[in-house]
Each structure stands twice: as structure tokens, then as C-alpha cells.
Amino acid sequence: MANNIAAQRIQREFKEVIKSDEVAKCAIRVELVNDNYTELKGEIAGPPDTPYEGGNFVLEIKVPETYPFNPPKVRFITKIWHPNISSVTGAICLDILRDQWAAAMTLRTVLLSLQALMAAAEPDDPQDAVVAKQYKDDQEMFRLTAKHWTAKYAGGPGGNPDFEMKIRRLTDMGVEEDQARVALSSYNWDLERATEQLFS
Amino acid sequence: MGFDVTRFEGEVDEELVCPICSGVLEDPLQAPTCEHAFCRACIIEWISRQPTCPIDRQTITSAQLRPVPRILRNLLSRLCIVCDNASYGCSAMIKLDSLATHLAECEHNPKRPVPCEQGCGLIIPMDELKDHNCVREMRSVIHTQQQKMADFQKELAECRFTITELKREVHLVKEFMRAMRVSNPAMRSLADEMERDEVIQWSNSLTRARVTRWGGMISTPDDLLQAMIKRSLRDSGCPLNIVDDLMENCHERSWPPGLNSLETRQNNRRQYENYVCKRIPGKQAVVVLACENPHINEDMMAEPGLVMIFAHGVE
């Protein structure tokens, strides 16, 4: 029975998202990954007036057999610098995707909640402690880093020549680019400390 | 879980859709204060995981769920839905409240029970009819019955064994009582009562006999004939304590005054018809028990009863 409900619900929600105003405004999107509605691909536009503006963030959405009695499993495929989202795995810390899930929530409300989370981080309930610390200690550094990640991974505007140069210094030493970016971001773009961490 | 909205004629109002399964509400219940409505199965399932309203997260328990207002029920029952068996060829469009009645008799139901017309007469679901094989089905029926018979036989054997055991015990108890009654008057009356019951039970197990020719009576049976009758009495379950007494009363020499000579028998022959006679199985002989013939004169009866053997004429 549960399986049947899951498919019926997702079919309906899929149509709901497609017809929604947000899609019209290009804020959210969903696509089917397989025919039996157990896996979907979601997309969220970075909210305006945030370091994510202009970026397009791809999500993996897995629908459990017990949906909607249990929440969908959602994670970011696109790399993102955010206190409540793991910069390594894309795992999301959001109450409604865990114990605050309610059966009446839909794909649309989940995607909109994620968009809201991007606009208003909760550094006191972090998924990525390094990002959260930076967010609390140095807002400007956080903003620049997040913007850089958005430009690099989510197709956002404006690179950051200073950051790019530092990354190139590390890649010239044989470090993977992504690894170099994570190390530099974690140490507030302090090249020396990042190098030390990478080679220790 | 609710009914798929695509099965309904026209657009279904959002208010009639369950927020959990996104189908049209089936057997709906509503939350106590916020009055949000859900299918019964959906909300029960949800509350078993989390005791909150799935829409506004107010705390609720399954005991607080209430039936939805009549207006909502009426709106639901008015919706027109296609039959569950539409994919099997049923083209009916039914009001939601008569769906159950329709389904019970829908001819397109692939699981509708129909009798096999090839001869075995078994009732089977319609969709299994084409793969149905009378011989195979019958074989399986025979197989299960054989199994049952074997079980019963085993049970019977066990019962027989128990009965034999019990009989042996009863016999011992009787012997014991016989030994006791000599010294104890209470025991004597108890034993007498049990013996009377035994005689009545035995006589009830015998069939009523009709003597058509009282003249065929053998009033002086020889020893061989007596021995045969005695064996039949025993085989019929006659209580052993009265067998000898009864057999004693099969000869005119121990019959009461009204029977003990040809002359008195001639005088009293009209009264023969009043005897309640029981057939001694397989023999041209009857037993006339005193306890079953209280209406007969004393000079025509003896304790514990009479045995009358005939040459012929017993039915």
C-alpha cells in the first residue's frame, strides 16, 4: 500500500511543481530520474541578495517506499559553501527533512524550504562546522567564499582572481583543484596554513 | 488510501483530496481542533509514527479523530468514479457511495467466483478459469481428504485405545464395588443404581422386536441353543451380572406362574402383545426386561427379565 501511495503522491507533486508560480519564475525545477518516481533531480536558483544569487543548485531527491510517512532523502549534488550543508557530501541539516517532517509537505514546499535555508543559514545548528565557524567569525570572508563556490560550481557570476591565483599555486604543487579549494576556504584563504594542512 | 483523482469525472475540488495520499478522501476522519481531513487509513498510519496533524503539526491522537461533517460526506458521495475493473472492460461510472455495492456484483471483476462448467463444479475466481484443470483440482481435493481421513483414523485408533483402557478400569471399579457392597448399605444402593442404569443403557441399544407368531415359542430350549443365545446376549453388551439370571429365565421351568405351563400360556396369550420386547441381535429370540415392563402382571414377569426363544416369527 505504502509504495502505491508514494508513487501516486510523487506523480501529483511533480505536476504541482511543474505548474507552480515558482517554476514560472525559474526559482525551482524538478526532473524525473527514473520511471517509477523513486528518484528525482531538483534544481534551486540561488536566492537574490545572497552569495548564491545567480547560481543554479542541483539536488538529488530519493523517495522512500514509505513516503509520505517518511521524508524524502535530499542532498546537494552541486558543491555549496553553507553552514547547514556539508561542503564534502552535500548532506543537508534541515529539521523538516528529519524529525519535523509532516506528511502534508510536498516536493514544492521542500524545495522552497531549502531555498529559504540558503537565504537564512542557522549557524547554531550546523552540518559543516568549519563553514559555520567562518560564518560566525568572519561574515565577509564567508560571503566571498560562498560567492566563489557559487561561481565555480553553480554557474554564478564573477570569479575571484585572488582566490583563483591561490588555488593555482596549490594545483601547481600537484594538489587536486577541489581539494585545494576546500583547504583554502577552510583556512580563510590563508595559503600558508592551507598548504601546511594539505602536506602535513 | 484514497481514490486516484484521475478516476473521477471532471475536476475534483482540492478540499476533497487527502493531503497524505493525494487521492480523493476514503472513509475520512478529521483532526479535533484544526479540522483537517484525511483518509482513515492514511491518518492512522501517520499518527502511529508521529502524533501530530500532518498539516499544522498540532498534537493529536487517534482517539481524538472525528468523522467529517455531513456536508463533506455528501460532496464525496456525489462524485462519479470509474469502476475498479475499468481495465477489465467495465465501463460503469458510479456514484462514490455506491461503488462498494457495484464492486460486489461487477461482472468484470477478474476475481469474481464462478462455477467450473467442465464438470467438476468447483467455485473458482474467473481469471483462474482458463488455467483450471478439473482433474488436477479434484486430485488435490482427494489428496486433502485422504490426509484428513488418515488423521481421523489415527484419532479413532487413539480413541479406541482409550476406550479399552477405560473399560478395563470400569470393570475393576465394578469388581471393587461388588466387594464393598457386601459390607456397606450405601454402597449397595449406589451399585444397584449403577447396575440399573447399565441395564437401561443396554436395552436402549437394542432394537424393538415384534413377535408375529407367539406359537413359535420354544419353551424348553436345549443346552446348545441356550449357549448360543447366551453368547449373543454377551456380544450385544448385556451387563455381565444379569446374563446368567436372564438365561436362567429362558426355560419354562423358571418362568412365572402365568407362563410356566402350556395351559397357563394358552390362557394368557392375549397379554403377549403387551410385552415390550427387544431383539437379541441375529437370533430368533427376544429379551423382555422387567424394568421396561412395569405394566405387566407379576405372574407374567420375572426379575430381571425373561428370554423367549422362537423357532420363527420374530421381526
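The values are calculated or read from the model by the stated rules, or taken from the named source; none is laboratory data. None of the values given here were measured: they were computed from a predicted structure. For neighbour counting, all protein chains shown are included, and Cβ atoms are generated from backbone atoms with ideal geometry for every residue, glycine included.
General observations
- Selection status of B:L99, surrounded by 11 or more Cβ atoms within 10 Å (Cβ to Cβ), out of contact with any helix residue (DSSP H, G or I) (no Cβ under 7 Å at 6 or more places or on another chain), under 15 Å from B:N85 (Cβ atoms) and of a type outside the set (V, I, T): yes
- When A:L40 is tested against the conditions (1) over 30 Å from A:S185 (Cβ atoms); (2) away from chain B (no Cβ under 14 Å); (3) surrounded by 14 or more Cβ atoms within 10 Å (Cβ to Cβ), the lone failure is (1).
- Residues of segment B:158-172 include none that is touching a Pro at 6+ places or on another chain (Cβ under 6 Å), surrounded by 10 or more Cβ atoms within 10 Å (Cβ to Cβ) and not in a loop (DSSP other than H, G, I, E, B).
- Top-ranked residue of segment B:53-67 - restricted to ones that are among the β-branched types (V, I, T) and surrounded by fewer than 18 Cβ atoms within 10 Å (Cβ to Cβ), ranked as farthest from the other protein chains (Cβ to nearest Cβ): B:T61
- Any hit, segment A:141-159, residues being of a type in the set (A, V, I, L, M, F, W, C), under 15 Å from A:G55 (Cβ atoms) and not in a helix (DSSP H, G or I): yes
- Being outside the structural domain of A:Y52 (by the TED database), in contact with a strand residue (DSSP E or B) (Cβ under 7 Å, 6 or more places away or on another chain), within 23 Å of A:I77 (Cβ to Cβ) and surrounded by 14 or more Cβ atoms within 10 Å (Cβ to Cβ) is a property that does not hold for A:A180.
- Flag if B:R279 is in contact with a Ser or Thr (Cβ under 7 Å, 6 or more places away or on another chain), touching a residue at least 40 places away in the same chain (Cβ under 8 Å) and surrounded by 12 or more Cβ atoms within 10 Å (Cβ to Cβ): yes
- Selected residue (criterion: nearest to B:C34 (Cα to Cα)) from residues of segment B:77-87 that are within 47 Å of the chain's Cα centre (by Cα) and surrounded by 16 or more Cβ atoms within 10 Å (Cβ to Cβ): B:I81
- Residue satisfying all of: in segment B:237-263; touching a residue at least 24 places away in the same chain (Cβ under 8 Å) and farther than 14 Å from B:V307 by Cα; surrounded by the most Cβ atoms within 10 Å (Cβ to Cβ) among these: B:P239
- The residues listed here are B:A31, B:A41, B:A37; of these, the one that is touching a Gly at 6+ places or on another chain (Cβ under 9 Å), within 12 Å of chain A (Cβ to nearest Cβ) and not hydroxyl-bearing (S, T, Y) is B:A41.
- Only one of the numbered conditions (1) assigned to a loop (DSSP other than H, G, I, E, B); (2) touching a residue at least 24 places away in the same chain (Cβ under 8 Å) is not met by B:N268, and that is (1).
- B:E248, sole failed condition from (1) touching a helix residue (DSSP H, G or I) at 6+ places or on another chain (Cβ under 6 Å); (2) outside the structural domain of B:V276 (by the TED database); (3) of a type in the set (D, E): (2)
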